[in-house]
Amino acid sequence: MTATVEPEVGKSRRRKEDARLITGRTRWTDNIALPGMLHMAILRSPAAHARIAAIDTSAAKGMSGVLAVVTGADLAEEQGSLPCAWAITPDMKNPPHPALAVDTVHYAGEAVAVVVARSSAEAQDALEAIDVDYDDLPVVLDMEAAIADDAPLVHESLGTNKNALWVFDSAEAGTGGSVDEAIAAGEVVIERKYRQQRLIPAFMEPRSVLCDPTGEQFTLWSATQIPHILRLMLALTLGVPEHKIRVIAPDVGGGFGGKLQVTPEELLVFLLARRLGKPVKYTETRSEAMATAHHGRDQIQRLTLSARRDGTITGLKVDLLADMGAYLSLVTPGIPILGAFMYNAIYKIPAYRFSCTNVFTNKVMTDAYRGAGRPEATFAIERLMDELAAELELDPMEVRERNWIRHEEFPFTTVCGLTYDSGNYEAATDKAKELFDYDGLRREQLERRERGDAVQLGVGISTFTEMCGLAPSRVLGSLSYGAGGWEHAAIRMLPSGKVEVVTGSSPHGQGHETAWSQIVADQLGVPFEDVEVLHGDTQSSHKGMDTYGSRSLTVGAIAVVKAADKVIAKARRIAAHMLECGEDDLDFAGGRFTVRGTDKGAGIGDIALAVFAAHDLPDGVEPSLDSEATFDPENFSFPHGTHLCATEVDTETGRVTIRKYVCVDDVGKVVNPLIVEGQVHGGLAQGIAQALFEEAVHDENGTLTTGTFADYLLPSAADLPSFVTDRTETPSTTNPLGVKGVGEAGTIASTPAVVNAIVDAVRHLGVDDIEMPCTPFRVWSAIHGRTADTSGGQAGGGLGSIQGGLQ
Amino acid sequence: MRVTMVVDGVSYTDEVEPRTLLVQHLREKLGKTGTVVGCDTGNCGACTVHVDGHSVKSCSMLAAQADGCEITTIEGLARDGKLHPVQQAFHDNHALQCGFCTPGMIMQAIDLLADDPDPDERTVRHGLEGNLCRCTGYQNIVRAVQDAAHRLKPAAEADRERETVAGGE
């Protein structure tokens, strides 16, 4: 760059995406209508576990506008089995997963029959005319009960409810010592059991899918995070040649991992469109989304931490039960494994063992939800740090400082064998404490305790890190994941000097169009406005691994940088020819090649035009600057930060109010501070919601009772505080932009900060844990020595079981 | 049954089934797909429009009930190519990410500002309680609404004119 041009990277550019979104000029999948388009509706099982004795569709078939009524038996030969891409162990149990249940349903909400009709209303009407007889089977809901010897089975054919046992042991791996020895020798041993309640991703746009079979290719629009993966999986699952499928993710209204899936509905729409030869669309209701789109979390954690009396940790043992739900979806069994390498967090723990038993139950599948395995791990270790501090009567920050990796110790190889490239936990913590007035709030806390105030103050800490930027392909290979972790990009130099950037990342709210434009503007020295970012259509963006795991910037945008490097390399040769000099005599800056020591030069746009004309190119040079690159990261990205939360807890009512929330995140170099801040805000909201509000609750029959937004308590604007967010900036050393991921950080960090603050407020009343979500009833019960009902059932507000909730 | 309504300045007369929701009529019959459906219990507010100048969740009203009404949707806010100050404030304050809740959020914010032209943070948060957003944590939405309140003040009108012209990025 020349000194006169301000770099785009680092600027708080307002987003390009906004223009259409704030005016309603949107292309949500459900907005798309095609000539002759038909509508699909799904009949779903009200039973969580039952054999389908009979289905009578005859009345429905004769109704007005009904073109097809199809059951699982009708599709059994062609529907295949929904894919799971991650066999975490060679002997993992993976039951067949039909899009449409054939003879048995395994969770409430599972699809049993579909209707395709002229209108959506006619399809809905016909559902009501279908008669299904169910023979109930025993329902398995509780993980601990599910693995007992005499437990009824979710899948008889498997002979067990255990999906897999996955173990990492630092002594066996040679990355650390023996945890059993550490615990045996521990001066202090802390044992805890925490429950990560089941959550619902609850993206705002319900999922929708439309398949047009009338062209030479099947074209499938879907509200998905993963158009490229979906295309391949459709081909593999249905036996359709991959090149005959085009997938488009148009405007997609949020995902948070919830749209990282290959869904039964996508398969069914494809099959019905193929069968009828007409475009078919399906859009789920919110009730269907809540009950049948995959859920997240749902783990029971048994934890043992050993330490010396000075607070130095000597070992950590983690035993998990993880609820898979009734089937394995795309990445279901691997979600807890994504947390396996994060329990040691930012601390120098010499001995570590992690084991996870995955369990089938009669509930909808779990799978990725913002953070995916890492929030659970972070919660566990950050809660344990507070418990250790309480046991030793030390300030919880002091215990953390005693154990964390100091900034001069990077790069640091952990007890899990990961190498953290960079970080500065001291700097982030110092800044956060100052913004928070840590000492002042601690003083106030003491005063309130001494006065015996009805409203007590608590301070919660979360000094987190996470591994994101999924992922180095060789690491995925070592974990038996079914694909690589690279990303692809291409740059097209148009004759007029404008630029098209093709990315394999697939945004659904993140602002990639803006951020990628900023990056390319700097790389090629072209105006921000001259860059168009193309994505989410396998025809224009033919290759990609899509967006999840905070990977788009750290993997996808690096591919863009690599492609830009190639454009410049090609242009350099042509510039040398045009300017009659050697390539080594050229400098490239601000979009212009100049001949060193002269005022001769050529802009990249001039070169693009010359290449287009192709009248005078060097011998053997193809007339194109267009370039592509596929980038495979050498390491994960390790953002970190210090989150501090002050809560006021009303000891008489159990009500929790967040008084102050400060976070200082270090996500390396920042492309667009405004977008980063937005990601942090949204992440915090979701993490805080886990701590205080949200839980997917099932009744004893396996019916989801939090199946609407009246019952599943997504926070509103009135439920959240304003956050104080700031950053430190320790560049990543493993990518050329120095960037780290930010999409999941806020969610991963905030949950333990809030719960630590609540427990801290009432610890002097004899409380050392409150199960999430920390509802007033649970908090009050903990304070007053009562046991809150931990089987759930208290989140329902009354609408969850309304008739028609599942149609 | 036959209903007539003016939507974003255009009059429409249609035959509708009695059970048709206003939002279905807007989206499916009139092509007003800027207004979206986010839930089926009236909790999310994504479908909020103005009916005779007041915000209404268009999933909670039948098309038949809107007979004779004047309706404004997100698509009818910008005038002569110029964004409504609330739209502009949402853009300037990064008050949207995926944008799915945005149409309803903007329509509700305009209604809120009509009731209280200078709301404090608490008033804004409570005024938007019926509109859910999963992306932003609401902080920038609150900021945008307060910023828009400032822009909508008569004294700020001249400034706004200039800002809108200059702030095109």
field: Answer residue from region A:181-223, given it is more than 30 Å from A:L238 (Cβ to Cβ) and touching a Ser or Thr at 6+ places or on another chain (Cβ under 6 Å) and is surrounded by the most Cβ atoms within 10 Å (Cβ to Cβ) among those
entry: A:A182
field: A:G254 being buried (at least 24 other Cβ atoms within 10 Å of the Cβ) and either within 14 Å of chain B (Cβ to nearest Cβ) or in a loop (DSSP other than H, G, I, E, B) (or both)
entry: yes
- request: Just need a number here: residues in region A:267-291 that are within 14 Å of chain B (Cβ to nearest Cβ) and part of a helix (DSSP H, G or I).
  value: 6
- prompt: Pick from region A:345-374 the residues that are β-branched (V, I, T) and farther than 15 Å from A:G258 by Cβ: which of them is surrounded by the most Cβ atoms within 10 Å (Cβ to Cβ)?
  reply: A:V359
- request: With the condition kept exactly as written, say whether any residue in region A:691-713 is in contact with a helix residue (DSSP H, G or I) (Cβ under 7 Å, 6 or more places away or on another chain) and among the charged types (D, E, K, R).
  value: no
- prompt: Does A:A489 count as touching a residue at least 60 places away in the same chain (Cβ under 8 Å), closer than 30 Å to A:L260 by Cβ and in contact with a Gly (Cβ under 7 Å, 6 or more places away or on another chain)?
  reply: yes
Any strands (runs of 3 or more DSSP E) falling wholly within region A:434-521 and containing at least 3 residues that are outside the structural domain of A:P776 (by TED's automatic domain parsing) and buried (at least 24 other Cβ atoms within 10 Å of the Cβ): A:487-493, A:499-503
- prompt: Inside region A:236-251, can you point out the residues that are surrounded by 22 or more Cβ atoms within 10 Å (Cβ to Cβ) and assigned to a loop (DSSP other than H, G, I, E, B)?
  reply: A:A249
message: Against the conditions (1) at pLDDT 95 or above; (2) surrounded by fewer than 21 Cβ atoms within 10 Å (Cβ to Cβ); (3) away from every other protein chain (no Cβ under 14 Å), where does A:Q794 fall short? Just the number, please.
response: (1)
field: Test: B:A144 is more than 7 Å from chain A (Cβ to nearest Cβ) and crowded, with 24+ Cβ neighbours inside 10 Å
entry: yes
query: Can A:S64 be described as of a type in the set (G, A, S) and more than 9 Å from every other protein chain (Cβ to nearest Cβ)?
result: yes
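Conditions tested, residue by residue: (1) under 30 Å from A:R451 (Cα atoms); (2) surrounded by fewer than 24 Cβ atoms within 10 Å (Cβ to Cβ); (3) outside the structural domain of A:I658 (by TED's automatic domain parsing).
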| residue | (1), (2), (3) |
| --- | --- |
| A:T703 | no, yes, no |
| A:T706 | no, no, no |
| A:S716 | no, yes, no |
| A:T734 | no, yes, no |
| A:G746 | no, no, no |
| A:T751 | yes, no, no |
| A:V755 | yes, no, no |
| A:V762 | yes, yes, no |
| A:V779 | yes, no, no |
field: Unique residue being closer than 28 Å to A:V359 by Cα and either without any contact (Cβ under 8 Å) to a residue 60 or more places away in the chain or within 14 Å of chain B (Cβ to nearest Cβ) (or both) when the list is A:T23, A:T104, A:T71
entry: A:T104
query: Counting only residues that are over 30 Å from B:V86 (Cβ atoms) and β-branched (V, I, T), which one in region A:26-52 is farthest from the other protein chains (Cβ to nearest Cβ)?
result: A:I52
- request: Identify the single condition in (1) at negative phi; (2) within 14 Å of chain B (Cβ to nearest Cβ); (3) small (G, A, S); (4) not in a strand (DSSP E or B) that A:G296 does not satisfy, given that it satisfies every other one.
  value: (4)
- request: Mind telling me which of the residues A:K543, A:K566 ends up being surrounded by fewer than 20 Cβ atoms within 10 Å (Cβ to Cβ) and more than 25 Å from A:K244 (Cα to Cα)?
  value: A:K566
- prompt: So B:G81 fits all but one of (1) at pLDDT below 95; (2) in contact with a strand residue (DSSP E or B) (Cβ under 7 Å, 6 or more places away or on another chain); what number is the exception?
  reply: (2)
- prompt: Just wondering, is there one or more residues in region A:579-600 that are exposed (fewer than 11 other Cβ atoms within 10 Å of the Cβ) and either outside any loop (DSSP other than H, G, I, E, B) or outside the structural domain of A:I519 (by TED's automatic domain parsing) (or both)?
  reply: yes
- prompt: If the Cβ limit is 6 Å and pairs must be 6+ apart or interchain, which residue in region A:237-249 that is free of Cβ contacts under 8 Å to residues at least 60 places away in the same chain pairs with which residue that is surrounded by fewer than 21 Cβ atoms within 10 Å (Cβ to Cβ) and among the polar types (S, T, N, Q)?
  reply: A:K244/A:Q217
- line: A careful count of residues in region A:98-118 that are surrounded by fewer than 23 Cβ atoms within 10 Å (Cβ to Cβ) and closer than 17 Å to A:M233 by Cα gives 1
Region A:199-232, subset of a type in the set (V, I, T) and more than 23 Å from A:Y369 (Cβ to Cβ), residue nearest to the other protein chains (Cβ to nearest Cβ): A:T219
- request: Please tell me if A:T630 is of a type in the set (S, T, Y), part of a strand (DSSP E or B) and in contact with a Phe, Trp or Tyr (Cβ under 8 Å, 6 or more places away or on another chain).
  value: yes
task: For residues that are among the β-branched types (V, I, T), buried (at least 21 other Cβ atoms within 10 Å of the Cβ) and within 36 Å of the chain's Cα centre (by Cα), tally how many sit in region A:24-69.
output: 5
- request: Could you please find all residues in region A:399-410 being within 13 Å of A:I313 (Cβ to Cβ), surrounded by fewer than 24 Cβ atoms within 10 Å (Cβ to Cβ) and in contact with a Gly (Cβ under 8 Å, 6 or more places away or on another chain)?
  value: A:R402, A:N403, A:I405
query: Any residue in region A:323-334 that is hydrophobic (A, V, I, L, M, F, W, C), part of a helix (DSSP H, G or I) and farther than 30 Å from A:I183 by Cα?
result: no
Total residues in region A:670-714, condition part of a loop (DSSP other than H, G, I, E, B) and within 8 Å of another protein chain (Cβ to nearest Cβ): 4
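The values are calculated or read from the model by the stated rules, or taken from the named source; none is laboratory data. This is a predicted model, so every value here is computed, not measured. With ideal geometry, Cβ positions are generated from the backbone for all residues, glycine too; neighbour counts draw on all protein chains shown.
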